[in-house]
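J.: Would you mind keeping the following structure in view while I ask a few things?
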Amino acid sequence: MLRALASKEKPITAHDGRWFSVRIMPYRTLDDRIDGVVITFADITTAKTLEAKLRDKHAGLERRVAEQSARLDKAKKRSQTNPHARKRIKRRGGQSLGFGKT
C-alpha cells in the first residue's frame, strides 16, 4: 500500500459484534515524504444492522413472489385443461385473462 501511495478501506467486525470501516492512508510530511500511515475507524454497526434487516425482508418478498407465481402457474394449467374454468375466467365484454385458448 505504501509503495503505491494508495488508501485502502474495508469493513471489519469486532469480537463484540460491532462493525467498523477501517481506512488506512499514507501519512505525508510537509516536505511530501511518506512517513507512516494514518488509520481511522468509523462505527458502521447501525448501517450493517439495517443492511441485514433489508436483506431478510428482500428474501421474504422474493419467497412470496415465487409462491404467488407458482399459484398463478397452477391456475393457468387448470384453466387450460378445464373448459368450464375458461368460461369463468372470462371478463365482461368477452376479454379473456389470457389463460389458454378460448
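The values are calculated or read from the model by the stated rules, or taken from the named source; none is laboratory data. Keep in mind that what you see is a predicted model, and the values were worked out from it rather than measured. Ligands, DNA and RNA are stripped out before the accessible areas are found, and what is left, the full protein with its side chains, is counted by its heavy atoms. Shrake-Rupley method; radii C 1.70, N 1.55, O 1.52, S 1.80 Å.
J.: Accessible area of region 12-77 with a 1.4 Å probe: how many percent of it is carbon plus sulfur? Don't skip to the answer; put the middle values down first.
T.: Working: 3210 of 5550 Å².
For region 12-77, the apolar C and S fraction of the accessible surface comes to 58 percent.
J.: Still on this model: Rounded to the nearest 10 Å², what accessible area does residue 55 have for a 1.4 Å probe in the complete protein model?
T.: Rounded to the nearest 10, the figure is 140 Å².
J.: In addition: Return P(r) of region 23-69 (all Cα-Cα pairs; 10 Å bins starting at 0; whole %; ordered from short to long distances).
T.: 22, 20, 18, 17, 13, 8, 2
J.: In square angstrom, what is the accessible area per residue of region 1-52 with a 1.4 angstrom probe? Before the final figure, lay out each step's value.
T.: On the way: 4160 Å² over 52 residues.
Heavy-atom SASA per residue in region 1-52 reads 80 Å².
J.: Please arrange 58, 15 by accessible surface area, largest first, computed with a 1.4 Å probe and ligands excluded. Numbers along the way, then the final one.
T.: Numbers: 58 110, 15 200 Å².
Listed by decreasing accessible area, they come as 15, 58.
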